[in-house]
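Participant: I have a structure I would like to understand better, so I am pasting it below and will then ask my questions one at a time.
The values are calculated or read from the model by the stated rules, or taken from the named source; none is laboratory data. What you are looking at is a predicted structure, and each value in this text was computed from that prediction instead of being measured. Positions of Cβ are backbone-derived with ideal geometry, glycine not excepted, and every protein chain shown enters the neighbour counts.
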Amino acid sequence: MVKLNKIYTRTGDKGTTMLGNGERRAKHDLRVDAYGTMDETNSIVGLARLYMAEFAELDAMLSDVQNDLFDLGADLSTPDTGEELPYEPLRILDSQVERLEGQIDQLNTDLDPLKSFILPGGSAASAHLHHARTVSRRAERLVTELAAIEEENISPQSIKYINRLSDFFFVAARWTNDKGREDILWIPGKTR
């Protein structure tokens, strides 16, 4: 478990931060940006959960997602360099991806098929979930960019999880809009 007695350490005053393996990197490093964007996504999920009073089942799923996002951040903050570490690093597992896929399928069974693209909005819950979706897509772009760098070694499970996550947020956003009946549909050329 993490134990924080002092919040500021002054170790980042020169623009670097420490990864989970003890390595120091610039705060603007792509890896740091990737796991920082997971944290940003997690914060938006926290906002969305403020609107889940009538959606207890979805709120429980979002609670799992928040925990998974910390797991994913821990995974990304500890590069797999092949070197022995004095602890077992936390990694995203196939079971987490499979659970998320099951939740997507569960929520999706209640939804009518889409006939158009959806504009983010409708209910407050849906708007926040769409926001989480777009930020998680940015996180995915960062993770896949990082994975393209040979020496960075990103696990396939991490990439799968973040790819499924935006799908989960999309389906959840529709589900909170009266199971899609309150979705705001895009009308091509409407304002021409």
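Participant: Looking at segment 130-145, which of the residues that are hydrophobic (A, V, I, L, M, F, W, C) and either over 27 Å from residue 177 (Cα atoms) or modelled with pLDDT under 95 (or both) is surrounded by the fewest Cβ atoms within 10 Å (Cβ to Cβ)?
Facilitator: Across segment 130-145, the extreme among qualifying residues is 142.
Participant: To continue, here is another question. Within segment 145-159, take every residue that is part of a helix (DSSP H, G or I) and aliphatic (A, V, I, L, M) and give me the one that is farthest from residue 101 (Cα to Cα). So that I can check it myself, show each step before the final result.
Facilitator: Applying the first criterion (part of a helix (DSSP H, G or I)) to segment 145-159 yields 145-147, 150-152, 156-159.
If we keep only those that are aliphatic (A, V, I, L, M) too, we end up with 146-147, 159.
On the way: 146: 24, 147: 22, 159: 14 Å.
The extreme case among them is 146.
Participant: Pull up segment 13-52, narrow it to residues that are under 19 Å from residue 131 (Cβ atoms) and more than 15 Å from the chain's Cα centre (by Cα), then point me to the one that is surrounded by the fewest Cβ atoms within 10 Å (Cβ to Cβ).
Facilitator: Filtering segment 13-52 for residues that are under 19 Å from residue 131 (Cβ atoms) and more than 15 Å from the chain's Cα centre (by Cα), the one surrounded by the fewest Cβ atoms within 10 Å (Cβ to Cβ) comes out as 50.
Participant: While we're looking at this one, here's another question. When you go through 68, 75 one by one, which is the residue that is acidic (Asp, Glu) and under 12 Å from the mean Cα position of the chain (by Cα)?
Facilitator: So the residue among 68, 75 that is acidic (Asp, Glu) and under 12 Å from the mean Cα position of the chain (by Cα) is 68.
Participant: Let me spell it out: the conditions are (1) surrounded by fewer than 22 Cβ atoms within 10 Å (Cβ to Cβ); (2) part of a helix (DSSP H, G or I), and residue 174 meets all of them except one. Which number is the exception?
Facilitator: Here residue 174 meets the rest and fails (1).
Participant: Check 74, 53 and return the single one that is assigned to a loop (DSSP other than H, G, I, E, B) and either among the aliphatic types (A, V, I, L, M) or in contact with a Phe, Trp or Tyr (Cβ under 9 Å, 6 or more places away or on another chain) (or both).
Facilitator: On inspection, the qualifying residue turns out to be 53.
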